[in-house]
Amino acid sequence: MFGVLDRYIGRAILATTLLVLLTLVALAGIFGLVAELEDVGEGQYSVIKAMQYTALTLPGMAYVLFAPSVLLGSLLGLGALASNSELTVMRAAGVSNGRIIRSVLLTGLVLMAVVTLIGETVMPWAERRAESLRLAALEERLSLGGDVGLWVRSGPRFVHIATVMPDFTLLGLEVHEFRDGQLQRAISASQARLEENNWQLDDVAVTSFTDARSLVKRYPSRAWQQLVGDDTTLVDASVLTNLSVSPENLSIKALSGQINYLRANGLDSRDIELAFWIKLTGPLASLIMLMLSLPFVFASQRGGGAGQKIFVGIMLGIVYVLVNRLLTELAITAGLTPLLSAILPLIFFALIAVLGIRRLS
């Protein structure tokens, strides 16, 4: 599949892309560490903890910066071949532009595999570890989207959780059980602990409602299954596991599980679906960035130094990030499906790249 020409061009692109990626991630890591130093001294958050947290966020930074790095790396790598007249020699030897483009796109497949590996294995694990470390050191609760706590649904029951601790202990638990549109039972507990995939509730009060009166029973400790008498869980552990991590940093498998959970409980899943499709189609951005760099390289094989190519790459990278975000938000506002909202920016830049390549011929 990979001939001599493919490997030669691929090495030129991969080397410069890796160099650009390492440089950008290092800069982002330094800025991230400086920001974390502001919280040093709170709770158990030390300089060492801040450095550990920053190190664990580096895979996420690499994933976000991967597409712009591919664009800039391709401009520099192919630009170096063009400046050294190597592309001219290739074409004089009978190698067509189409054959060179094929070699570039084959390299794109390798880059797609690399970014998929980062996004599906390294980044989700590292982000969960990073947030867990930070929350535990700062002795903070998980973010619940404001002061109203977290609402989840469990079958016919609506569960309100006031606080989720870093070890996923639930504080201030309230459960409202409805049957045929009527409130049948209310359960409150001071806390709930996950022990061997079973929830154990402490300081439990169970209020049963009938037409005539209400009956309250209290228990010092009670297992969730003992209280409800069925197989429904209090709250899916994976929901809590992913709560501290933004959807963009979760794996496709984790996002799919969240979507299924939300749909099964009749909850809005559009935001998670959008994150799912962006994550699924994201690796294509590396291929499109390579395509986008080709017209600039072929159009100026003898003109423009490395400084000019760096400037062009930075500008294109900024435009890609801004337009990508803008088109995604506009698509969501216009009521498009999450799938269309995710692929619309990719289609936009792919068309620009194809039009630019067609002008070369």
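Values in this text are rule-based calculations from the coordinates and carry no lab data. Since the model is a prediction, treat every value here as computed from it, not as a measurement. Every residue, glycine as well, gets a Cβ built from its backbone with ideal geometry; the counts of neighbours run over all protein chains shown.
The alpha carbon convex hull volume per residue for the range 150-243 rounds to 93 Å³.
Helix-derived [θ] at 222 nm for the chain: sum -39500 (n - 2.57) over DSSP H runs of at least 4, divide by residue count, nearest 500?
Using -39500 (n - 2.57) per qualifying helix, the result is -20500 deg cm²/dmol.
Taking label points 7 Å from Cα along the Cα-to-Cβ direction, Phe209 and Ile314 give a separation of 6.3 nm. Here the Karplus relation 6.51 cos²θ - 1.76 cosθ + 1.60, evaluated at θ = phi - 60°, turns the backbone of the range 88-101 into coupling constants of 5, 5, 4, 5, 5, 7, x, 7, 7, 4, x, 5, 5, 4 Hz, with x for every Gly and Pro.
When GluC sites (Glu not before Pro) are flagged only if DSSP places them in a loop and at most 12 other Cβ atoms lie within 10 Å, the longest unflagged stretch of the chain comes out as 197-361.
When Val228, Val245, Val354 are arranged by Cβ crowding within 10 Å, least crowded first, meaning fewest neighbours, the order is Val354, Val228, Val245. Once the mean of 1/r is taken over each pair of separate Cα atoms and inverted, the range 35-177 shows a Kirkwood hydrodynamic radius of 19.7 Å.
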